[in-house]
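Novice: Take a look at this one; I'll ask things after.
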Amino acid sequence: MPLDVTTVAGHAAATWAEEIVPSLHDYIAIPALSPMFDRDWADHGHLAAAVELVRAWCSARRIPGLTVEVHELEGRSPVIVMEVPATGGDPDDTVLLYGHLDKQPEMTGWREGLGPWLPVREGDRLYGRGGADDGYAAFASLGAIEAVHAAGGAHARCIVLIEASEESGSPDLPAHIEALADRLGTPSLVVCLDSGCLDYQRLWVTTSLRGLAGGKLKVEILGNGVHSGDASGVVPDTFRIVRHLLDRVEDAASGEVLLADLHVAIPDDRRREAAATAADLAAVSTKFPWVDGARPAVDDPTEQLLARTWRPALTVTGADGLPATTVAGNVLRPSTTLQLSMRLPPTCDPDGATQLLRTTLTTDPPHGARVSFTPDTPGPGWNAPAFSPWLWDSLERASQASFGSPARTYGEGGSIPFMGMLGERFPEAQFVITGVLGPDSNAHGPDEYLHLPTAERLTVCLAAILDDHAHRDR
């Protein structure tokens, strides 16, 4: 018998209103920066505070057999591991549910009355850093499991894994996965709640994720700054040298990445998927906060979807050595450092891409400048396996029951390194990668918010999928 979705929806609504939203308020207020952005995270204690908040809430859930543990390894950020025994499903089967609780930096530009560590609810929106990316995941995962029990449904053994270094590229996670290998077993279904949605009217499932390579490019030409009137024209400007080096990687006019090895053949099914999604929706570019008169790099809606999922793209995300304009004197600066972020197609090798960037940027530097490239931890992309018939039917039913619209699939432009790791480790598993980061929710930027009705409906969908998975052979 199908799960009683009415009971599930009622339970999810009450849990979100009475218990999850208040806890998310407290979570948003914690500046739990990912280790990349807070090198002294262990001393500052913010990640530990977020871990304890989530651990305490989860430990109090009314789920038979639930265990909650904070798994720690020396010198690494912790992972919360939760286990729920099967009820009515195969006790030897496993569903792995994944999320993270570390956060991106504050970012400037929050509108008056909002801030990264200031939880503010306005109607259906809960503003603040991390609520949608990805603090809600632990709450929604256990809320869904609890709803299955409330409706008399079934689920396989569930492992919920909440990490604390995802926004840094998950450098600490592989060690935890190795240490927990026997505990994890071999999941037949992996659920990740760290992705997005192209609208708030249906269940969106991510079928690919981009990989990530990057690092700090530093150009030095002098031991210290000198008078620009005295030196310019003789001493080359380090910013110009940086521009020259970036021209080896990217066409400045079009944004096309020039390194052939960073491009891949786009699978035919992903091209068809992009065309179908584009036919369903307005161009994806409409969700961005353009200034008057600005336009996207590519106009065709299908090509926009492919450009943000299956083609490499370079972004300069930070800079050192550049004083603020209000205090910039007439000085020829001794060095310029840029933080580079290269999004990679899902099937591109991130380690090879990182080495190619280093070689391209540091070989034969202009004017004999001292050029160095310090790479970040590369992250693999991921391309989903085909959905089993039971899973696609489940996604469609869940979306119709909770949202009133059919499910849709699309490629996501962001990166979740853990999915690439799991795809290699568990090649036979089915994957449901989804999330609540919809139009203008602005993850990583100012005014980030969680759309509460979508999070609640997604909880209902997750409960239905867990029950269908337990009964997939019926």
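Novice: Run the 1.4 Å probe and let me know the accessible area of Asp299, rounded to the nearest 10 Å².
Specialist: 80
Novice: Follow-up question, since we're still on this one. Can you pull the one-decimal nm distance between simple spin-label points at His71 and Thr326, each 7 Å off the Cα toward Cβ?
Specialist: Using points 7 Å along Cα→Cβ, the separation is 4.8 nm.
Novice: Now, a different point. 7 Å from Cα along Cα→Cβ at both Asp351 and Glu112: what's the point-to-point distance in nm?
Specialist: 5.4
Novice: Quick query: amide H of Leu437 versus all other amide H atoms, modeled in the peptide plane; which residues come in under 5 Å with a sequence gap of 5 or more or a different chain?
Specialist: Gly196, Cys197
Novice: In nm, to one decimal, how far is the Asp364 label point from the Arg271 one, both placed 7 Å along Cα→Cβ?
Specialist: Computed distance between label sites Asp364 and Arg271 equals 3.6 nm.
Novice: Here is a further query. Starting from the Cα gyration tensor of segment 10-121, take the square roots of the eigenvalues, sort them a ≥ b ≥ c, and report rounded, prolate or oblate (rounded when a/c is under 1.5, otherwise prolate if a/b is larger than b/c, else oblate).
Specialist: Here segment 10-121 falls in the oblate category.
Novice: Another one. State, as an integer percentage, the relative contact order of segment 145-293 based on alpha-carbon contacts under 8 Å between residues 6 or more apart.
Specialist: Numbers: 35 pairs, mean separation 12.9, N = 149.
So the answer I get is 9 percent.
Novice: Rank Thr325, Ala276, Thr309 by how far each Cα sits towards the positive end of the charge dipole of segment 230-348 (+1 on Lys, Arg Cβ; -1 on Asp, Glu Cβ) and give me just the farthest.
Specialist: Thr325
Novice: Under a 1.4 angstrom probe, counting protein chains only, how are Phe418, Phe288 ranked by accessible area, largest first?
Specialist: On the way: Phe418 0, Phe288 95 Å².
Most to least solvent-accessible, the answer reads Phe288, Phe418.
Novice: If you roll a 1.4 Å probe over the heavy atoms of the protein chains, what accessible area per residue do you get for segment 210-351, in Å²? Don't skip to the end; give the middle numbers.
Specialist: Values: 7670 Å² over 142 residues.
Dividing the accessible area of segment 210-351 by its residue count gives 54 Å².
Novice: List the DSSP H helices in the chain whose Cα atoms stretch 27 Å or more along the helix axis and whose mean Kyte-Doolittle hydropathy is at least -0.5.
Specialist: 452-470
Novice: Considering only DSSP states other than H, G, I, E and B, which chymotrypsin sites (Phe, Trp or Tyr not before Pro) in segment 225-321 qualify as loop sites with at most 12 other Cβ atoms within 10 Å?
Specialist: Trp290
Novice: For Lys218, give me every one of the aspartates and glutamates with a C-alpha distance below 14 angstrom, ignoring sequence neighbours fewer than eight places off in its own chain.
Specialist: Within the straight-line cut-off, Lys218 pairs with Asp237, Asp320, Asp376.
Novice: How would Ser195, Ser228 rank on accessible area, largest to smallest, probe 1.4 Å? Walk me through the intermediate numbers first.
Specialist: Working: Ser195 5, Ser228 30 Å².
The ordering from most to least exposed comes out as Ser228, Ser195.
Novice: So, in Å, what gap is there between the alpha-carbon centers of segment 83-97 and segment 1-40?
Specialist: 22
Novice: Once the convex hull of the alpha carbons of segment 316-452 is built, what does its volume come to per residue, in cubic angstrom? Write out the running numbers ahead of the final one.
Specialist: Details: hull volume 20.2 nm³, N = 137.
Convex hull volume per residue, Cα atoms: 147 Å³.
Novice: Hey, another quick one. Mean separation of Cα pairs under 8 Å and 6+ residues apart, divided by the residue count of segment 197-259: what relative contact order is that in percent?
Specialist: Computed over segment 197-259, the figure is 18 percent.
Novice: Output ³J(HN,Hα) for segment 323-330: one whole-Hz value per residue in order, computed from phi by the Karplus curve 6.51 cos²θ - 1.76 cosθ + 1.60 with θ = phi - 60°, and x for Gly and Pro.
Specialist: Values per residue, Gly and Pro as x: x, 4, 4, 6, 10, 7, x, 7 Hz.
Novice: Quick one: Cα centre-to-centre distance for segment 155-203 and segment 225-243, in angstrom?
Specialist: 48
Novice: Can you list the lysines whose alpha carbon is less than 26 Å from that of Lys287, not counting same-chain residues fewer than 8 positions off?
Specialist: Straight-distance partners of Lys287: Lys103.
Novice: Do the sum for the chain: with -39,500 (n - 2.57) for every DSSP H run of n ≥ 4, divided by all residues, what is the mean residue ellipticity at 222 nm, to the nearest 500 deg cm²/dmol?
Specialist: The helix contribution divided over the chain gives -9500 deg cm²/dmol.
Novice: Please compute the length gained on full extension between Gln400 and Thr7, using 0.36 nm multiplied by the number of residues separating them and subtracting their Cα-Cα distance.
Specialist: Taking 0.36 nm per residue and subtracting the Cα distance, the gain is 139.9 nm.
Novice: Related question: ³J(HN,Hα) across segment 205-219 via Karplus (A = 6.51, B = -1.76, C = 1.60, θ = phi - 60°), whole Hz, x for Gly/Pro?
Specialist: Per residue, the Karplus-derived 3J(HN,Hα) values read 10, 7, 10, 7, 9, 7, x, 8, 9, x, x, 9, 9, 10, 10 Hz.
Novice: Let me have the relative contact order for the chain, percent, based on Cα pairs under 8 Å that are six or more residues apart.
Specialist: Relative contact order, the chain: 26 percent.
Novice: Follow-up. With a 1.4 Å probe and all protein chains left in place, how much accessible area per residue does segment 1-110 have, in Å²? Please report the intermediate quantities before stating the final value.
Specialist: Numbers: 5050 Å² over 110 residues.
Accessible area per residue: 46 Å².
Novice: What accessible surface, in Å², does a 1.4 Å probe find on Glu424, ignoring ligands, DNA and RNA and rounding to the nearest 10?
Specialist: 150
Novice: Which percent of the accessible area of the chain is formed by carbon and sulfur heavy atoms (probe 1.4 angstrom)?
Specialist: So the carbon and sulfur contribution to the accessible surface is 51 percent.
The values are calculated or read from the model by the stated rules, or taken from the named source; none is laboratory data. Treat the numbers as computed from the prediction; the structure is a model and nothing was measured. We place every Cβ from the backbone using ideal geometry, glycine too, and count neighbours over all the protein chains shown. For the accessible areas, the whole protein counts, side chains as well, though only heavy atoms, and no ligand, DNA or RNA atoms are used. Shrake-Rupley method; radii C 1.70, N 1.55, O 1.52, S 1.80 Å.
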